Amino acid sequence: MAVCKCTGEQVESPQDVQLNELLDHYRGYAGGLIPVLQGAQEIYGYLPAEVLETISQELKLPFSEVFGVVTFYAQFHLKPRGRNIIRVCLGTACHVLGGSKIFQALKDELGVENGGTTEDLRFTLESVACIGACGLAPCIMINDDTHGRLVTSALKNILEQYK
Amino acid sequence: MSNLKEMRSGIEEQYKAKLNRPRIVVGLGTCGIAAGGNKVMKAIKDEVANRKLDVDVDFTSCIGMCFAEPAVEIALPGTPSVVYGGIYPDKVAQLIEGHVIGKKPVTELAAIQITGDATPFDGIPVMEKSGYYAKQVRSVTSRLGRTNPESIGDYIATGGYAAIDKAISMDRLDIINEIKKSGLRGRGGGGFPTGNKWQFVHDAVGDKKYIVCNADEGDPGAFMDRSVLEGDPHAVLEGMMVAGYSIGADEGVIYCRAEYPLAIKRLNLAIEEAEKMGLMGDNILGSGFNFTVRIKAGAGAFVCGEETALLNSIEGQRGMPRVRPPFPAHKGLWQKPTCLNNVETFANIPFIIRNGGEWYASMGTEKSKGSKVFCLTGKINNTGLCEVPMGITMGEILNDIAGGILGGKKFKAVQSGGPSGGCLPTEQLGLPIDYDSLISAGAMMGSGGLVFMDETTCMVDVAKFFLNFTQLESCGKCTPCREGTKRLLETLIRITEGAGTAEDIPNLERLAKVIKSSALCALGQTAPNPVLTTLRYFRDEYEAHINDKKCPAGVCPELLTFVILKDKCVGCGLCLKACPVSAIAGEKKEVHKIDGAKCIKCGACVPTCKLNAIIKA
Amino acid sequence: MRKLCKFVPSVFSHQTITLTLKEEIQLSTVTLTINGQEVTVPAGTTVLDAALGAGIFIPTFCHDPNFPGYGGCRICVVEIKGARNMPASCVTAAANGMVVETESPAVVETRKTILELMLANHPVDCLTCEKSGECKLQDFCFRYDVKGPKFVGEKKDQPLDTSNPYITRDTNKCILCGRCVRSCNDVEDRSVINFAYRGFKTKVAPAMDSGLAESACVSCSRCVAVCPVGALTYTSTAGKGRVWEVEKEQVTCGWCESGCLFDLVKKDGKVIGVVAKASGEGRPLCLKGRLGMELRYNDQPLKPMLKKDDEYVEVSWTEALGLDDIMEKLK
């Protein structure tokens, strides 16, 4: 549900409309829960609690069971994920060379904590144990690209490359 | 259209005409695409258009030579077709100029040639005699890299759907007997005789029966099923149809892991085309036999490769295995009798029906018949997909097909069967590959992943890697697997970090045996295999880690010390600059020294030294 | 469609074997050997029930005669001659000529290891645990001489859930036998808890991993009645007496005709609490029934609480028991 900016009323967002179409397709379809969850994640980018509750009601499955299925499979996310995943290496080499400073700078820049996602869903920030690029310490990975020998002042330019 | 024979002659004509035209074919399996195949395709199309060449540009799937991706084949009528390896967009012009316009193969880029009736070119290995293919057979993989997987015409023209055409005129039990005669055993790992399984489902009482294809290939280092689905999707569908006809099922489900989007796309396309031609759906080929197939995409859980967990997942539940019995043959999907086989098993069926069970049984060993597809990965020269007759030795695969260990290093072990399998050492290279000999050696066939390791691999680290995988993928239902694999992993981590104690080895063995004998499903029961086999064949490495606090392979960082050799160091200072923690000191042009207390063993210094003066000890 | 409510005890549970034999004489039987003793049971009987019926003990955690066929905890494994592995006796059908060993050295070794694994991921705080004295984990550790966790490593560290005023939920003590899940899910409109996450992170949780109070839990205590360890306990009797200090007296609830069974927990002859024992035929157990029993038998019952606007608030007994309108008329 979205809230209408003019009237303050609860209105069906385009996403909710899509979810309803999806549910219509799978209502009464045996074993439809997983395809519905996959479809819902496509629509919303993740699986918000309210969506899970709606799915549970519409498919007439206990909410606890729906939650159990969601948390079993690696594909499903309960929190929004960014379009770009930043992994900050906090392995020994990076730590010694100021990896945590880089991490802090990124947190400040993006306004999120570890595991958090920016509101515009542009970035998700995570820390990792070691990405095996100690020679480039301190380093981060954005999606599949490694950026090494970082200084905090370089971060802004690097982030600019990812929309 | 109900008569396949009539349909076939027209399609065969078209196919022949296609082969009689100059063609450039790009390998577009997932591997080819990852290597940049689509860019190569575009470059070729641009080049052909710019030069206004009268050449068809087509694509195929993976021929199996992953080491040669992106691969491009050029076929001019009357001459052998040549498969080129490592063709990046910048090589396209050279290739087209040389081979298409100049009519001379570009020998230095060529990997193999497929001669057919034509006279071979000089200086290019002929496929059947080339190192990679000489010991292979091409049965279930025969269309891979040869036909367009998105064309039902290519499939039919190469004998496709002849098996279902033949099957629907046969007695159901005769089909099952033919499969029994072939000796085909489940290719997903378990090795259960396929004919017997079909017989059980045939005999099971039920108003509704299902065919389920397990395409949830999840072992690290295994991509046989993906290659078959991407390269010959119709064969899998046809195999399922034959199974459906013989056991009395009209519905099939393919459970395919979501990480295989291209396979799912090609399967959906294949289903659509087959339905359009009356080869699937209601009243197939006028026989009165109905059969439909739908795809169910997995959601990211390795355990769903276990057949009962897979069934639960199709039903929309958590993928936790069920207790057996009842077996799926009696109570499977929705508690109905279900015939569950994997991709490669189904893909073998059309060949067996067309050529007869005896033909299939003529390949292989006494108890393991036919051929098996393997994926070769790790530290070898030729990584890729191969199909070999059962009974070939591991040594032949390593030395003849895989081209030996990379960089001339020494072979140490091969992991067969993924995380459920085990490591086999040099002494076992003479082992003929079949289901039973692998099990007796402590490994298993698994789905067919072979990961080769060289002398620089630490076997404790390998066991740790696989346990980390199974531990993360444990479903959590039974105690031995949920809690036990975690403790195995923790013990292995302690050992590799130098905190191992004398009791660790007996404790590992004891716990591994208990998990093996008491876990609920095959995933749990086989999870300790990497620990048990490495302990069996490489116990000395465990002892070195525990007793001497050394990693003989020089892998485990906590157990390493980096030393600069005095007589080699010239004091150039490159290592000093590379060290992220300033642990290296030394005046210019004087021997440098590593401060062990500061060193974090990242190894960044080693490659910087041009004189190889820094060693791990 | 989801299954309907069913409370029929398994025909194979050991209490009913003799009955089954007499009633279903036409059923074929099988004869097997357990620990050298020949045992004849109806075909389809599990090895577990065959053994229990013959007076041979096999430990179980996850087995529940009302919801059989789970086979998850593996503590009931036995050795069967010719079998590749050790099957769980609770889900293995007895067969003619089967030779079963229930306490062989290999079986004992396996059970000990499973108990050690459970303890390694458990607080092992028996000294203060409400369940001490009637805890299956404790009993079996005693039986198999398991003194403590043999493996060291990561342990569950989940917050104690005291959000529900009646049920204390300590998932750190949970051994994931799933009896509570099966019991709760047997009632279609409850199904409040289920397994969540997977592997080592698996836990039993309400939707969104919330506390019980936030969930649709109706505090019927079906889950508490079946928990074999101290993961689910009654808040009302907490700290009021050790198991060996109290007696239990069975009473039948009279709120409706179903007659669910409750136990009065008595210390020094005084009732200190009422706990659910078993549901009546066709009924799922309910909070009202138990509160009614508390009020009737317990001289110092805790104040009743009901959930209003997603929060538990103290209410009068008449409201808790749904008697407000009747009381109004009696005024």
- Taking the options C:Phe200, C:Phe195, name whichever one is over 20 Å from C:Ala320 (Cβ atoms), assigned to a helix (DSSP H, G or I) and not charged (D, E, K, R). C:Phe200
- Among the numbered criteria (1) of a type outside the set (Phe, Trp, Tyr); (2) farther than 16 Å from A:Cys89 by Cα; (3) surrounded by 19 or more Cβ atoms within 10 Å (Cβ to Cβ), which single criterion is violated by A:Ile140? (2)
- Return a yes/no flag: does the stretch B:325-341 have any residue that is β-branched (Val, Ile, Thr), outside the structural domain of B:Gly421 (by TED's automatic domain parsing), surrounded by 24 or more Cβ atoms within 10 Å (Cβ to Cβ) and closer than 30 Å to C:Gly71 by Cα. yes
- Task: Give the residue, chosen from A:Val128, A:Val151, A:Val112, that is β-branched (Val, Ile, Thr), crowded, with 17+ Cβ neighbours inside 10 Å and without any contact (Cβ under 8 Å) to a residue 60 or more places away in the chain.
- Result: A:Val112
- Query: Within the stretch B:508-529, can one find any residue that is away from chain C (no Cβ under 14 Å), part of a loop (DSSP other than H, G, I, E, B) and out of contact with any helix residue (DSSP H, G or I) (no Cβ under 6 Å at 6 or more places or on another chain)?
  - Reply: no
- Message: Filter the stretch B:64-88 down to the residues that are under 11 Å from B:Ala43 (Cβ atoms) and either out of contact with any Pro (no Cβ under 9 Å at 6 or more places or on another chain) or crowded, with 17+ Cβ neighbours inside 10 Å (or both) and list them by number.
- Response: B:Pro70, B:Val72, B:Ile87
- Task: Give the residue, chosen from B:Arg294, B:Arg257, that is buried (at least 23 other Cβ atoms within 10 Å of the Cβ), within 14 Å of chain A (Cβ to nearest Cβ) and not polar (S, T, N, Q).
- Result: B:Arg257
- Is one or more of the residues making up the stretch C:39-52 within 22 Å of C:Cys177 (Cβ to Cβ), at pLDDT below 95 and assigned to a loop (DSSP other than H, G, I, E, B)? no
- Would you say B:Lys135 is assigned to a loop (DSSP other than H, G, I, E, B), touching a residue at least 24 places away in the same chain (Cβ under 8 Å) and loosely packed, with under 15 Cβ neighbours inside 10 Å? no
- Message: Please pick out the residue among B:Met170, B:Met240 that is out of contact with any Leu (no Cβ under 9 Å at 6 or more places or on another chain), hydrophobic (A, V, I, L, M, F, W, C) and surrounded by fewer than 24 Cβ atoms within 10 Å (Cβ to Cβ).
- Response: B:Met170
- Message: Among (1) closer than 19 Å to B:Phe466 by Cα; (2) touching a Leu at 6+ places or on another chain (Cβ under 7 Å); (3) outside the structural domain of B:Gln471 (by TED's automatic domain parsing); (4) not aliphatic (A, V, I, L, M), there is one condition B:Lys568 misses while meeting the rest; what is its number?
- Response: (1)
- For residues in the stretch C:110-161 being within 14 Å of another protein chain (Cβ to nearest Cβ) and among the basic types (Lys, Arg), which is surrounded by the most Cβ atoms within 10 Å (Cβ to Cβ)? C:Arg111
- Determine whether A:Leu110 is closer than 25 Å to A:Ala49 by Cβ and under 12 Å from the mean Cα position of the chain (by Cα). no
- Query: Of the residues that sit in the stretch C:53-79 and are surrounded by fewer than 21 Cβ atoms within 10 Å (Cβ to Cβ) and of a type in the set (A, V, I, L, M), which one is nearest to the other protein chains (Cβ to nearest Cβ)?
  - Reply: C:Ile56
- Query: If you go through the stretch C:80-89, how many residues are outside any loop (DSSP other than H, G, I, E, B) and at the interface with another protein chain (Cβ under 9 Å from one of its Cβ atoms)?
  - Reply: 1
- Scope the stretch A:57-83; condition within 22 Å of the chain's Cα centre (by Cα), of a type outside the set (Gly, Ala, Ser) and surrounded by fewer than 19 Cβ atoms within 10 Å (Cβ to Cβ); matching residues: A:Gln75, A:His77, A:Leu78, A:Lys79, A:Pro80, A:Arg81, A:Arg83
- Query: Would you say C:Val181 is within 13 Å of chain B (Cβ to nearest Cβ) and closer than 30 Å to B:Leu492 by Cβ?
  - Reply: no
- State the number of residues belonging to the stretch B:259-290 that are among the aromatic types (Phe, Trp, Tyr) and closer than 28 Å to B:Pro321 by Cβ. 1
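This table checks each residue for (1) of a type outside the set (Gly, Ala, Ser); (2) closer than 14 Å to B:Pro607 by Cα; (3) more than 14 Å from chain A (Cβ to nearest Cβ); (4) surrounded by fewer than 17 Cβ atoms within 10 Å (Cβ to Cβ).
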{"site": "B:Val555", "(1), (2), (3), (4)": "yes, no, no, no"}
{"site": "B:Glu558", "(1), (2), (3), (4)": "yes, no, no, yes"}
{"site": "B:Lys566", "(1), (2), (3), (4)": "yes, no, yes, yes"}
{"site": "B:Ala578", "(1), (2), (3), (4)": "no, yes, no, no"}
{"site": "B:Ala585", "(1), (2), (3), (4)": "no, no, yes, yes"}
- Message: Every residue in the stretch A:19-42 that is over 20 Å from B:Glu315 (Cα atoms) and buried (at least 18 other Cβ atoms within 10 Å of the Cβ), please.
- Response: A:Leu19
- Top-ranked residue in the stretch C:185-228 [being basic (Lys, Arg) and within 20 Å of the chain's Cα centre (by Cα); ranked as farthest from the other protein chains (Cβ to nearest Cβ)]: C:Arg222
- Among the residues of the stretch B:96-118, write down those that are touching a strand residue (DSSP E or B) at 6+ places or on another chain (Cβ under 6 Å) and hydrophobic (A, V, I, L, M, F, W, C). B:Leu109, B:Ala110, B:Ala111, B:Ile112, B:Ile114
- Task: Pick out the one residue from B:Pro325, B:Pro321 that is within 14 Å of another protein chain (Cβ to nearest Cβ) and without any contact (Cβ under 8 Å) to a residue 40 or more places away in the chain.
- Result: B:Pro325
- Task: Filter the helices (runs of 4 or more DSSP H) completely within the stretch A:10-70 down to those with at least 1 residues that are within 14 Å of chain C (Cβ to nearest Cβ).
- Result: A:33-44, A:49-58
- Task: May I ask you to verify whether B:Gly356 is touching a helix residue (DSSP H, G or I) at 6+ places or on another chain (Cβ under 9 Å), surrounded by fewer than 24 Cβ atoms within 10 Å (Cβ to Cβ) and away from chain C (no Cβ under 14 Å)?
- Result: yes
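The values are calculated or read from the model by the stated rules, or taken from the named source; none is laboratory data. Remember, predicted model here, so these are calculated numbers, not experimental data. Note: ideal-geometry Cβ built from the backbone for every residue, glycine included; neighbour counts use all protein chains shown.
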